[in-house]
Amino acid sequence: MFDFVLAVLPQVIVTGLMLGSIYALLSLCFCVVHAGTGVINFAQGDFVVIGLVFIWLTYVDLQLPLLIAIPLTVLLTGLVVTIMERLTIARVIDQEPIIPLLVTLALGILIRGVIHLVWGTQPRMVPHFSGDTPILIAGGAALPQTFWIAGGAVLIMIALYFFFTKTLFGLSIRASATDREGAQVIGVNAGLISLFAFGLSALISGGAGALVAPITNVDAYLGLEFSLKGFAGAVLGGIDKPVAALAGGLFIGLLETFVSGLISSEYRNMVVFGVLMIVLIVRPNGLLGGKG
Amino acid sequence: MGKPLEYALWLAVPLAAGAFLQGDAYALSVLVFVLIYGLLAMATVLCMGHAGQITLAQAGFFAIGAYAASITELELGAPFAGGLIMALVVTGLCGYALGYPILRVKGHFLGLITLAFTQVVNEVVTHWTSLTGGVNGLYGMSQPSIPFVEFDPLYEFAILLALFWFTVFVACGNLINSRYGRAMHMLKFSDWGAQANGISVARYKCEAFALSAAICGGAGAFYATFIQYIGPESFTLEVSIGVIAMCILGGMTDLRGAILGAAALTLVNEPLRMVPELQPVIYALVILLVIVLLPQGVVPTLRRLFAERRASRQAVEASRS
């Protein structure tokens, strides 16, 4: 048993880190939206699926070069999401928290339904950005796409770091996160922050969607699973702290791959949600979050 | 209108509708769904509207009830009544067990933990093949019928369901207006306030979850024997979301409103099953419209409008005299 574990360990870690960096980006989105608006956005995973659809449209269908296809995907995802935010979430943002949560859940059903309706059930393939010959590192095989994903995730995180520490919008989102009413008193526009938080999370999701498309293919029903995993990561780390949420997302990715690699892939979701429930019960502010 | 008369009317409507629709299997099945979703909506009102505990666990308890009843019937050869009792007991215990550990969690985190619960139940049902049949599900349950009478068998089922539905309706109505119910209602406003008034917050929260879970479980038992097939895909998160939308449409704090909301959304949704590609899109759009336009619910909104009109009329009359 121990030998077996040692033998698959490098592979599990490589795959886990790849999956984890996607979940980390999603956790970060949960964090951004929750910070700006106090809403838990369960359409988050479906925003990623919108990104998947646009990368297929631009990269596969229209055959645009990657350098144009990826930014276009990011922008289009942002555009679609901001329109939806204005039409639905913005109108219920000051109701009690369950109402916006339900709106995002219903938006998720809507997005899945529309994609299913327009595209049918057949998942679409997106070719790997730079071939699919695995690269061997430290005893594990990694697809070249892994580096695209990990690199993209790091780039997005660096950009976000500057956004949150250097720009007025980033600072005002953080101000809202600390004290929503206080931020409004000193002139932070709550409606604009909501639009901006959702828009930003959509840009991140669009980027994430573009990067993972070759691995996951384009499937309307990935959305809810992405949402749940990203949220599990955010809560595990602590939804009020971006860095903790990132770590949480990475951990969920690793946990999931460990369970599927060493026990059975049937149990991976059960373990992830079980861990999520236990963390929510024992430490509602997250393992790395402060005392609430 | 006197109370007994009003209650009699609520019982008479589904029975009369069923009698009228005898022979039309499709219409009767829609009626059955209206009643089943009515049960789920009442459970939601009890837990969320009345006790203020946000929950998305309805689908999970619905599933547990359905499987508990089916397994009792199939494995032990028990009659439907045995399955129903088993479903009520098992889901009630599960509700209590879920209520206890989540005492520390509030607001939308409570919603999310119950969401995780629904998801875990779904995963367990999918993968515990030896007990639940996995993705193939369970089938072969028999519909209960009423002895000594000869009606359309579907109508007999609808009568039994309507009786259960009515019992739950009366019981919930009485509970809400009782001392016990008022204590439970206090949880919605303030844990500390309840505590200061000598209300055991832990006990009432757990019992709110257990009662609401048992109602969902009973609905599940009826659902399983009605469809005569259950599989994991019948108990997804969409069920919980739909049920909450029904309650929001009717009014989260009002049993009658929730029942009407359940009836309205079921009547919208059932015909949509004929067009499976469009169904999720239209259903989600309806839910979104309901929540965005009427977050307070139809019944409370109407009630407020009437109250305002009456108040303004009284003000006019007062100024004249």
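The values are calculated or read from the model by the stated rules, or taken from the named source; none is laboratory data. What you see is a predicted model; the values in this text were computed from it and never measured. As a convention, Cβ positions derive from the backbone with ideal geometry for all residues, glycine included, and neighbour counts pool all protein chains shown. Side chains are part of the model used for accessible areas, which takes the heavy atoms of the whole protein and leaves out ligands, DNA and RNA. Shrake-Rupley method; radii C 1.70, N 1.55, O 1.52, S 1.80 Å.
The table for this structure:
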quantity	calculated
Estimated inter-spin distance, residue A:135 and residue A:147, nm [label 7 Å along Cα→Cβ]	0.2
For the protein assembly as shown, calculated [θ]222 nm from helices alone, where every DSSP H run of n ≥ 4 adds -39500 (n - 2.57)	-24500 deg cm²/dmol
10 Å Cβ neighbours from other chains, averaged over peptide A:123-136	0
Inter-site label distance for residue B:233 and residue B:151 at 7 Å from Cα along Cβ, in nm	3.2
Efficiency of FRET between residue B:78 and residue A:264 - r from beta-carbon atoms, R0 30 angstrom, step 0.05	0.35
J(HN,Hα) series, region A:55-61, from Karplus relation 6.51 cos²θ - 1.76 cosθ + 1.60, nearest Hz, glycine and proline x	5, 5, 4, 7, 7, 8, 6
Largest-first principal axis extents of the Cα set of region A:167-224 (Å)	46, 23, 16
Percent RCO, i.e. relative contact order, over chain A, from Cα pairs under 8 Å lying at least 6 residues apart	37
Evaluated at q = 0.13 Å⁻¹: base-10 log I(q)/I(0), Debye formula over Cα of chain A	-0.88
Selection from B:279, A:245, B:223 lying farthest towards where the dipole of the protein assembly as shown points positive, charges on Cβ	A:245
Chain-alone versus full-assembly comparison, region B:267-316, residues with accessible loss of at least 10 Å² (1.4 Å probe)	B:277, B:278, B:280, B:281, B:284, B:285, B:287, B:288, B:291, B:292, B:295, B:296
Spatially proximal lysines relative to residue B:106 (Cα-Cα < 23 Å; intrachain offsets below 8 disregarded)	A:229, A:241, A:291, B:188, B:205
3J(HN,Hα) from dihedral phi, region B:55-72, Karplus parametrisation 6.51/-1.76/1.60, rounded to Hz, x for glycine, proline	9, 10, 8, 3, 4, x, 5, 4, 5, 4, x, 4, 5, 4, 5, 5, 5, 4
Region B:97-159, relative contact order in percent, only Cα pairs under 8 angstrom and at least six apart counted	14
Debye-sum result for the protein assembly as shown in log10 I(q)/I(0), which assumes one identical scatterer on each alpha carbon, at q = 0.10, 0.12 Å⁻¹	-0.92, -1.28
10 Å Cβ neighbours from other chains, averaged over peptide A:87-98	4
Rg in Å to one decimal, and Dmax rounded to a whole Å, for chain B via C-alpha atoms	20.3, 78
Distance histogram for region A:191-292 (every C-alpha pair counted, 5 angstrom bins, percent rounded to whole numbers)	2, 12, 17, 22, 20, 16, 7, 2, 1, 0
Cα-projected label distance for residue A:2 with residue B:131, points at 7 Å along beta-carbon direction, nm	3.5
Per-residue SASA entry for residue A:147, accessible area with 1.4 Å probe, Å² rounded to 10	100
By accessible area with a 1.4 Å probe, ligands and nucleic acids excluded, highest first: order of B:3, B:188	B:3, B:188
Sites residue A:154 and residue B:19 - FRET efficiency at Förster radius 56 Å, r taken between beta-carbons, to 0.05	0.25
Protein accessible area in chain B, 1.4 Å probe - carbon and sulfur %	67
Only Lys, Arg (+1) and Asp, Glu (-1) charged, at Cβ; the protein assembly as shown dipole about Cα centre in debye	1960
Accessible area per residue, Å², region B:263-321 with all protein chains present, probe 1.4 Å	66
Area hidden from solvent between B and A (accessible, protein heavy atoms only, 1.4 Å, total, Å²)	3500
Mean Cβ neighbour count within 10 Å, used as a protection proxy, ranking B:83-91, A:204-212, A:242-250 highest first	A:204-212, A:242-250, B:83-91
Accessible surface, per residue, of region A:187-292 when the full set of protein chains is kept, probe 1.4 Å, Å²	35
Residue A:23 accessible area, 1.4 Å probe, all protein chains in place, Å² to nearest 10	10
Å² per residue, accessible surface of region B:44-165 at 1.4 Å	39
Packing-based order for B:109-116, A:79-86, A:221-228, using average beta carbon neighbours within 10 Å, highest first	B:109-116, A:221-228, A:79-86
Neighbourhood charge, 12 Å Cβ-Cβ cut-off, centred on residue B:140 and excluding it, Lys, Arg +1 and Asp, Glu -1	-2
Cβ-based charge dipole, the protein assembly as shown, positive-most Cα from A:175, B:59, B:289	A:175
Contact order relative to length of region B:1-139, as percent, for alpha carbon pairs under 8 angstrom and 6 or more apart	22
Dipole of region B:146-205 [Lys/Arg +1, Asp/Glu -1 at C-beta], most positive-end residue of B:154, B:173, B:189	B:189
Descending Cα extents along the principal axes, region A:49-101, whole Å	45, 14, 13
Positions from region A:103-117 whose accessible area shrinks by 40 Å² or more when the full protein complex is built, not the chain alone, probe 1.4 Å	A:105, A:106, A:109, A:110, A:117
q = 0.11, 0.12 Å⁻¹, region B:71-226: log10 I(q)/I(0) [Debye, one scatterer per Cα]	-0.57, -0.66
For residue B:238, solvent-accessible area (1.4 Å; no DNA, RNA or ligand), Å²	70
Computed E for residue B:195/residue B:9 - FRET, C-beta separation, R0 51 angstrom, nearest 0.05	0.80
